[in-house]
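Following: one structure in structure tokens, then a few remarks.
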Amino acid sequence: MNFLEISEKEYQAFWENHPLKTFLSAIEISKLREKSHWETYYVGVKNKNKLIAATMLFGRKSHFNRYEFYSPRGYLLDFNDLNLVTFFTEELKKYLKKKKAYVFRVDPYLIYKERDIDGNIVENGIDNSKVVDHLEKIGFKKVPTKEMEQVGWMFSLDLAGKTEEEILKEMKPNTRNTIRKTEKIGITIKELKYNELPRFQNIMEETGKRKDFAVRKLDYFQTMYELFHKKGEVKYYITELDLKKYQTNLQKEKQEKEEKLLSLSDAKYNDGQKKNLNQEIASLEKRIREANEIRKKTNQDVITLSGSMFMLIKPEVIYLSSGNYEEYMNYNSQYLIQWELIKYGIKNGFKKHNFYGIPANINEHPKDYGIYEFKRGFNGYVEELIGEFALPISWHYNLFKIIHKIKK
């Protein structure tokens, strides 16, 4: 086996057909990282002139003229081949020492232990504990969950071999009913063009302020569009509601209820049905008033409800970012957009719809459990990745850890 630098073209061809590929290990991400002063390198291992392992590396100068190196979702290799993992790591360490590295970080796109929809470990399921043990044995240190750069826990839904009807039937009743309601009231989905991305950014900013999380700048979303949209690998959507049409539909439904109410006789056995109809009419009147108030307040007939960003690189659709305007959350438009992308995935041959990040150790009901509950309604399963690992390259690693603690 030979460890060597490889070309971007060689890496791309290897990545394209590798089972562990994801958007974070795509060459396009190097262009994004370079905007933050990271330099890109491609290295691999060849056996009899055939590439059997590869990774994309990013390096950036830190303190004392030393460099931090990171491989998002690397390595791309067979982690069951522990000898290959060892060889690649040892050779990579020698390579990085020459680059004045003090640390190398990596977070493989590899399941740790297979889990079910509730986050419980599946008996006799996937278990990559031996990979974790081996990485630590050869010098890697496990990075605490709170300090990881990428998502460590996800929620996914298998699409392969399933029809829309089957997936809809397997959803939780409340989720299925909510999707039908969003379709009924006339919420529409619009894919954004490059010059419309500020609309998405505005939604994210509002959501970030409300939920107290940092939001990426518009430049990030624009760059991702420039890098991935041409091949259809990133899509930005917003959901909208035409309030005039919505009110018209509500008025029509209200009239139908009123006519039905008038057709009922005064017989006692109709009392229950009359009560239900009166409640439904009152609810419709309330929604009509609310829609009218929104039109007056905003001076708009069409309102934006929410926004979502998806990465579409086979085999999976990834629900990467989203936000909602708080005053319109009761319209539940995110349910509809998920359903539309699930249908898109089925139609276009994707094997998985990845709802992406959820809180760690979900079966312990941590903070933000509601994020998981929303995704859980679509059915699916929890995915726990093996996490992030740091490989100390020089004695500066411990020094920098002390400096970072002091800064915190």
| query | Mean separation of Cα pairs under 8 Å and 6+ residues apart, divided by the residue count of the stretch 285-408: what relative contact order is that in percent? | reply | 17
| said: Please compute, for the alpha-carbon atoms of the stretch 134-200, the extent along each of the three principal axes and give them in descending order in Å. | reply: 57, 38, 23
| the chain: angle of helix 333-347 to the longest principal axis, Cα-based, in degrees nearest 10 | 60
| message | As an exercise, identify the GluC sites (Glu not before Pro) in the stretch 214-279 lying in DSSP coil whose Cβ has no more than 15 other Cβ atoms within 10 Å. | response | none
| remark: Partner lysines whose C-alpha sits under 20 Å from that of residue 97, ignoring same-chain residues fewer than 8 away, are 61, 137, 141, 401
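Counting only helical runs of four or more DSSP H residues, what would the 222 nm mean residue ellipticity of the chain come to if each run contributes -39,500 (n - 2.57) and the total is spread over all its residues? Walk me through the numbers before you get to the answer.
Working: 13 runs with 172 residues, N = 408.
That comes out to -13500 deg cm²/dmol.
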| note | Protection proxy (average C-beta count within 10 Å per residue), highest first, orders 311-324, 276-289 as 311-324, 276-289
| field | Candidates 120, 177, 195: whichever shows maximal mean-square fluctuation once the chain is modelled as a Gaussian network with Cα springs under 10 Å | value | 195
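Which whole-number percentage describes the relative contact order of the chain, with Cα contacts under 8 Å and a sequence gap of 6 or more?
Values: 648 pairs, mean separation 100.6, N = 408.
The normalised contact order for the chain reaches 25 percent.
Each value in this text was obtained by applying a stated rule to the coordinates, not by laboratory testing. What you see is a predicted model; the values in this text were computed from it and never measured. Virtual Cβ from ideal backbone geometry, glycine too; neighbours counted across all protein chains shown.
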